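Student: Let me give you the structure first, and then I'll get to my questions.
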Amino acid sequence: MRFARPLEGGATCGPAKPAPRWPLEGATCWRGGLLIGFSLLVGAAVAQPATRAEVATQRAAIEQRFARETQACEQQFAVASCLEEVRVRRHAALEPLVRREHELAADERRARAAAQALRVRERDVTAAQDEGQRRERIVAAPPPSVPATPASHAPRALGADEAARQQQQAQARAAAGAARRREQLQEREERQRQRVAEHEVREKRKTRPAAALLPLPGASGASAPR
């Protein structure tokens, strides 16, 4: 008994038989060989593309290879079966690239969200610093001088003790006003810090995981060749 020549990967289609009278008699055997070759192709290690340009380069190479295989199918007897096998293998070869495209898109969205959050935070911090400096200048400014009482409104000249007492009262009022302004400044700065923290929390909540994979090219098409 003669044995058939081993297929790629070591598989055989059983004992050798005389040449089939009709081409379709060996279709099953050839289909098994093609599927074995397809499994070896999918199992081979492929470098993960790091950029969109690399993804596009690999996609173009895959499309060119399967375009040649599609043209070769047109020369065979079982055209429909050959085209279906090419379609399945093309889909499997493109699947890692489509998945990588979605990963890169998710990374880009996260980078844009982080950059936007950083810009907002820097703008809020700058505004808080400007407001704090303005308040510090107001607090450090000397209190307004007490306007002198016109001579026509003073019934009598103030004695030395009365003038000293009024000066002390004016200084006390100025000190109290400065203390109130410092408290108000501290309250505003605390509210500003709270707003910045709340904004950062909202920006973090907006960041979402990578979107679900989009339909793969050719996944929804009919099995019949186009």
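None of the figures in this text is laboratory data; all of them are computed from the coordinates on show. It should be emphasised that the depicted structure is a prediction, and the values quoted were computed from it without experimental measurement. All Cβ positions, even for glycine, are placed from backbone atoms using ideal geometry, and neighbour counts span all protein chains on display.
Student: Give me the net charge for the shell around Gln184: Cβ to Cβ below 13 angstrom, other residues only, Lys and Arg +1, Asp and Glu -1. Write out the running numbers ahead of the final one.
Tutor: Details: positive: Arg134, Arg135, Arg180, Arg181, Arg182, Arg188, Arg191; negative: Glu131, Glu136, Glu183, Glu187, Glu189, Glu190.
Taking every other residue near Gln184 into account, the sum is +1.
Student: If packing is taken as the average count of other Cβ atoms within 10 Å, what order do 76-82, 161-167 fall into, highest mean first? Display every interim value, and only then the final one.
Tutor: Numbers: 76-82: 14.9, 161-167: 11.0.
The peptides rank, most packed first, as 76-82, 161-167.
Student: Quick one: length gained pulling Glu131 to Arg112 fully straight, 0.36 nm per residue minus the C-alpha distance? Please report the intermediate quantities before stating the final value.
Tutor: Numbers: separation 19, 0.36 × 19 = 6.84 nm, distance 2.88 nm.
Extra length available between Glu131 and Arg112 comes to 4.0 nm.
Student: Report the percentage of all Cα-Cα pairs in region 41-120 whose separation exceeds 16 Å, rounded to a whole percent.
Tutor: Working: 1935 of 3160 pairs.
So the portion of pairs separated by more than 16 Å is 61 percent.
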